[in-house]
Amino acid sequence: MTKVGVLRFPGTNCDRDVFSWVEARGFEAEYLWHLDLFEEKKYDLLVVPGGFSYGDYLRSGALAALSPAMKSLRRFASAGGPVLGICNGFQILCESHLLPGALVKNEGRRFVDDWSELEVVNENSKFGAQFKKGQHLKLPIAHGDGRFYAPADELKKIYDQNQVWLRYVNNHNGSLGGIAGIMNEKKNVAALMPHPERAIYPWMGGQDGWGFL
Amino acid sequence: MAERTRIGVKIMPREVILDTQGRAIEQTLKLNGLPEASCRVGRFVELDLQVSSEKAKVQAEEIANKLLCNPLIETFEIKEL
């Protein structure tokens, strides 16, 4: 049975939604506490959920990036293990240098909480493998620091290596290139600002998130 | 007596990054008769390190690069206090 580790930091608040989603998909879910190193070989997949890890102190994701659990996650990722970051998880993976770029304050200065239409820019074989290039999806967004930023040379590299995963059809936060999700060079680490775990049943308003695991 | 050095690290957002706090302060300054004033907000961190001045500066530089500052979006300066 596929075993999925769900990381938990103080201030993580989407962990239970992710846990339920993992179980609903028929996988085995297990929480991983930020202060503990874990045996990464025991897991098939890791998820870094959303929230406000360490109260977003210093910079979103900066303190979580240096936690013991992230050391184990780093080993897992460098061995090719699939890692999915959602919202604050995306920020943590950027701060950990597992993904390029940074997430800064939304251009409009406001926290945005809404549904967003997304376009698949490049396909990912580990997460949402059934989504085809050019396909449109609808997912909830909820973030204050969601504007993807990278200096011009780094952004060029991201595009050249087909690392853009998803983009906002209506760029509500001023992300460069409307980028909503990216992948690392090897494509085993992927992250997005929208919340797939909040759109897995029709009663949630949409179920496009279901297939992201 | 154990050595001790206090280091200040000033971290500022790069010009290309929207400084939301700075912009909000600018608006308040405008409302208070200073329409031309501009303002940027960063962060000041005091480190108390139990090493000599020379070593403290090296340590502080490492801490700033690894944790306190994200070089993509911020710059920092180090000063002994």
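Just so you know, all these numbers are worked out from the coordinates, no wet-lab data involved. Predicted model, so just to flag it, every value in this text is computed and none were measured. Heads up, the Cβs are rebuilt from the backbone with ideal geometry, glycines too, and the neighbour counts pull from every protein chain shown.
In the stretch B:60-81, of all residues being assigned to a loop (DSSP other than H, G, I, E, B) and touching a Ser or Thr at 6+ places or on another chain (Cβ under 9 Å), the one that is farthest from the other protein chains (Cβ to nearest Cβ) corresponds to B:Leu81. Of all residues in the stretch B:10-59, those being outside any helix (DSSP H, G or I), touching a residue at least 40 places away in the same chain (Cβ under 8 Å) and more than 12 Å from chain A (Cβ to nearest Cβ) number 9. When A:Leu118, A:Leu99, A:Leu103 are checked against the criterion of being touching a residue at least 60 places away in the same chain (Cβ under 8 Å), touching a strand residue (DSSP E or B) at 6+ places or on another chain (Cβ under 8 Å) and either closer than 18 Å to A:Pro196 by Cα or among the β-branched types (Val, Ile, Thr) (or both), A:Leu118 stands alone in meeting it. Taking the criterion of being on the phi > 0 side of the Ramachandran plot and part of a loop (DSSP other than H, G, I, E, B), the residues of the stretch A:161-213 that qualify are A:Asn162, A:Gly174, A:Lys187, A:Gly205.
Every test in (1) in contact with a strand residue (DSSP E or B) (Cβ under 8 Å, 6 or more places away or on another chain); (2) within 12 Å of chain B (Cβ to nearest Cβ); (3) surrounded by 21 or more Cβ atoms within 10 Å (Cβ to Cβ) is passed by A:Phe111 save one, and that test is (3).
A:Glu95 meets all of the listed conditions (1) under 30 Å from A:Tyr43 (Cβ atoms); (2) surrounded by fewer than 20 Cβ atoms within 10 Å (Cβ to Cβ); (3) not hydrophobic (A, V, I, L, M, F, W, C) but one, namely (2).
Scanning the stretch A:15-27 for residues that are within 21 Å of A:Arg74 (Cα to Cα) and either within 14 Å of chain B (Cβ to nearest Cβ) or touching a Lys or Arg at 6+ places or on another chain (Cβ under 9 Å) (or both) gives a single hit, A:Asp15.
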